[in-house]
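These notes concern the structure reproduced below.
Read-outs: derived from the displayed coordinates by stated rules, not from any lab. Model, not experiment: these values are computed from the prediction. Neighbour counts run over all protein chains shown; Cβ positions are idealised from the backbone, glycine included.
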Amino acid sequence: MIFGLGNPGKAYEQSRHNIGFRVIDKLSQEHRIELNKHSCQAWIGEGEVGREEVFLVKPLTLVNAAGVSLLQLKQKHEVSLEDIMVISDDVNLELGKLRLARRGGDGGHKGLRSIIEFLGTEEFPRLRLGIDRPEEKVELKEYVLGEFTFREKKVIEETISRASQAVEMVIRQGIDETMKHYN
C-alpha cells in the first residue's frame, strides 16, 4: 500500500504539502493504475508494479488527519505494517533530497504524527521528500501550503521522478537495498 500525503482539492494541488499526492500521480501514470475507487476516506487505485499487487492511495482527509484513513485501509485490506509505504514532504530535508526509512518519528510533520497516533506505532516504512525550510519571516503553515517557486519546480519534478523510482525499487528489491541506493 503506497500512501501519499496531501490535501484534497484544486487549491492545494501544487502546494509543497502535496508532494506525496504527486508521487502517487506519477506512479499511477507510469503503471496505468487509475485511482477510481472511493473507500475509507481515500481515492484508491489497484494494480501491479513489478508484478506485485499494489494499492495507490490519496487520502481525502486533510494531511493532518490522514491517520484515520490509513488505519481504516490497513484493517479493511489486512495489510501488514511492512507492506505500507507513506510518502510525505519534509521541511527538515534540503530541497530535492530523498530519505527512506523503515521507521521513525514524525519529525514535526502533523500528517506523520496522525498516522503514528492512529496506527499506534512508528514502525512503518516512509519516504520523505525534502522541500527545505522557509525563511525565518515565513510561517511554516503558509510555506507548506504555498506553491514551489519557478526555480524549485524543476528540482521537484526530478525529485518526484526519483521518488517514484525509489518506490518501484522497494517493491522489486526490498527496502534495505533501496535505502543503500537512495539515502
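Measuring max minus min along each principal axis, the C-alpha atoms of the chain give extents of 45, 31, 29 Å (largest first).
Going from the fewest other Cβ atoms within 10 Å to the most, the residues Ser164, Ser39, Ser15 appear in the order Ser39, Ser15, Ser164. Straight-line reach from Lys110: taking Cα to Cα under 19 Å and skipping same-chain neighbours fewer than 8 places apart, the lysines in range are Lys58, Lys141.
Remark: Val63, Val138 ranked as Val138, Val63, counting other beta-carbon atoms within 10 Å and listing the fewest first.
Ranked for footprinting exposure by Cβ neighbours inside 10 Å, fewest first, Phe150, Phe118, Phe3 give Phe150, Phe118, Phe3. At full extension, Glu13 and Gln41 could sit 8.3 nm farther apart than now, given 0.36 nm per residue minus the alpha carbon distance. Tell me the net charge near Leu62. Cut-off is 15 Å between Cβ atoms, Leu62 excluded, with +1 for each Lys or Arg and -1 for each Asp or Glu. Residues near Leu62 contribute +3 overall.
Taking 0.36 nm per residue of sequence separation and removing the Cα-Cα distance, the Glu78/Glu53 pair yields an extension gain of 7.6 nm. Of all lysines in the structure, those lying under 20 Å Cα to Cα from Lys180, and not within fewer than 8 positions of it along the same chain, are Lys97.
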